[in-house]
Amino acid sequence: MVYKYTHPPPTFEGGGIMDVRTPKIDYATITGRIYVCNESYQRLVYLAYRFRKAVVKATRMLAKGLSKDYVEKVITEDLNQGYAKSVVDIAKLMVKGAEYHDSNPLKIKVKKLFIASKGNSIFKGNRNIRLVSSDKLSVSYHLNGRSGIHSEWIECEARFGEEYIPLVNEVVEKAINKELSYDTRILFRNGKIYLHLSIPIELYIKHFKKGDAKGDNIACFDFNSDRINMVIIDKQGVIRETRTERFGEVNSPNYPRNKAWTLRLQALGKLLNYAYHHNVSTVVYEDLFKIKRRRIKKTKSRNGNRKASNFPKKKLLQHAITMALKYNFKVYLVNPSYISRLAEKIKNAFCLDKHTVSAYLLGLRYLNPETYKKLLDRDIQKLLLNQ
């Protein structure tokens, strides 16, 4: 399902590259825990080991130019066809990612164990990793490309947060009736086993909807490792409010990564809730998927620099999109190219900090690309004159 809005987003006319686009969100992911007994645990680990080995093998073959169909056929000698399809899809994404970042795809390494399976409505939601109920999970141990009905299964106990139980129950019910499919991924982390369940976004929003935004204002966001800046503007581009949530402690030495992630999500949730109650109907984020490498301003703290560099900004954006949809905000992604540099140049004119001005420029670029282009051209001309 693709979110479609009632009016088309504006586009940047320079260079033929779209400056503003709507995010394509089909699924939302929820996380649960998996518990298994000793014998089943060993089989599950062995399956994960074979899956990881198959992914690495597939990346090598795809990187050498072999066709996807041929690679899938080879992988089916080690795993069943359902797993093989997931292996090849994951490997293909890894190869593309390596090429995008100018890395050698032939040297891709996968350190952690995991198992993944694509959804299939014909097989009660998923062919290989299937929810039997909200607290029971079956994982296919049907390997070596053997044909026939899956007769070997690893039975596991699944646990989700209490707030997710009604949602999971509906997913299981619809899947049994062959009305939907869901992707699954099993991950091994620090001695624990997690289940990531990707379900259709419309079903997720049905259970976790927080409102129905109908205002006229626009909320623009700038994400950083230690703060989130929000600017609310009206349709004429006039700044109505600015707010900033800071959490500088997350870049401190030995600060827990999970706690830092929780603080960021809480800060984002607080800002979105504020926007909802202040006449906002549209949310604008920077399109981080267009950015190849981020420029990080260095500080005296090596540990702080490392944490800022490792800040999962794209992951936060993915969560931010889903969180905004809960309020029925219209969501747009704006190309952030040159925005930080321009904000640094003009921040004094606004009597605001660079990050707040960056958020405002995102909104201006969404609202009036021509005005933004004039600002950018003027700034580039000054730079050329000063060279």
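The values are calculated or read from the model by the stated rules, or taken from the named source; none is laboratory data. Quick caveat, the model's predicted, so the values are computed rather than measured. When we count neighbours, we look across all protein chains shown, and the Cβ atoms used for this are built from the backbone with ideal geometry, even at glycine. Note: areas computed on protein heavy atoms with side chains; ligands, DNA, RNA excluded. Shrake-Rupley method; radii C 1.70, N 1.55, O 1.52, S 1.80 Å.
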| Arg43 versus Lys107, label points 7 Å from Cα toward the beta carbon: distance in nm? | 4.0 nm
| Measuring from centroid to centroid over Cα atoms, what is the spacing of segment 40-62 and segment 79-97 in Å? | 11 Å
| query | Considering only the other residues whose Cβ falls under 14 Å of the Cβ of Leu93, what net charge follows from Lys and Arg at +1 and Asp and Glu at -1? | reply | +4
| note | Any lysines whose Cα falls less than 18 Å from that of Lys210, other than same-chain ones fewer than 8 residues away, would be Lys270, Lys326, Lys330
| said: If you take every residue apart from Phe329 with its C-beta less than 14 Å away from the C-beta of Phe329, what net charge results, scoring Lys and Arg +1 and Asp and Glu -1? | reply: +3
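If DNA, RNA and ligands are ignored and the probe is 1.4 Å, what is the ranking of Ile30, Ile108 by accessible area, most exposed first? Mind showing how you got there, number by number?
Numbers: Ile30 5, Ile108 25 Å².
From most exposed to least exposed: Ile108, Ile30.
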| Probe 1.4 Å - accessible area at His319, Å² to nearest ten | 70 Å²
| Calculated FRET efficiency for the pair Asn254/His277, C-beta based, R₀ 35 Å, to 0.05 | 0.40
| From the phi of every residue in segment 171-177, what ³J(HN,Hα) in whole Hz does the Karplus formula 6.51 cos²θ - 1.76 cosθ + 1.60 yield, where θ is phi - 60° and glycine or proline is x? | 4, 4, 4, 5, 5, 4, 7
| Rounded to the nearest 10 Å², the accessible area of Trp261 at probe 1.4 Å | 40 Å²
| If you keep only loop residues by DSSP, which GluC sites (Glu not before Pro) in segment 46-149 have at most 14 other Cβ atoms within 10 Å of their Cβ? | Glu77
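What is the sum of charges around Lys68, taking Lys and Arg as +1, Asp and Glu as -1, for the other residues whose C-beta is under 13 Å from the C-beta of Lys68?
Working: positive: Lys64, Lys73, Lys85, Lys92, Lys96; negative: Asp69, Glu72, Asp89.
After counting each charged neighbour, the total is +2.
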| Taking Cα centroids, how far is segment 215-230 from segment 318-377 in Å? | 9 Å
| request: Just read off the accessible area of Phe188 with the full protein assembly in place, 1.4 Å probe, to the nearest 10 Å². | output: 30 Å²
| task | Would you work out the charge dipole size for segment 192-268 about its Cα centre, treating the Cβ of every Lys and Arg as +1 and the Cβ of every Asp and Glu as -1, and quote it to the nearest 20 debye? | result | 300 debye
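Here is the link list: Lys111/Lys178; Lys112/Lys259; Lys209/Lys373; Lys136/Lys206; Lys92/Lys235. Which ones come out longer than 31 Å on Cα distance? Working shown, then result.
Values: Lys111/Lys178 35 Å; Lys112/Lys259 22 Å; Lys209/Lys373 37 Å; Lys136/Lys206 23 Å; Lys92/Lys235 42 Å.
With Cα atoms farther than 31 Å apart: Lys111/Lys178; Lys209/Lys373; Lys92/Lys235.
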| field | Fraction of the pair-distance distribution of segment 215-288 above 19 Å, Cα-Cα pairs, percent | value | 38 percent
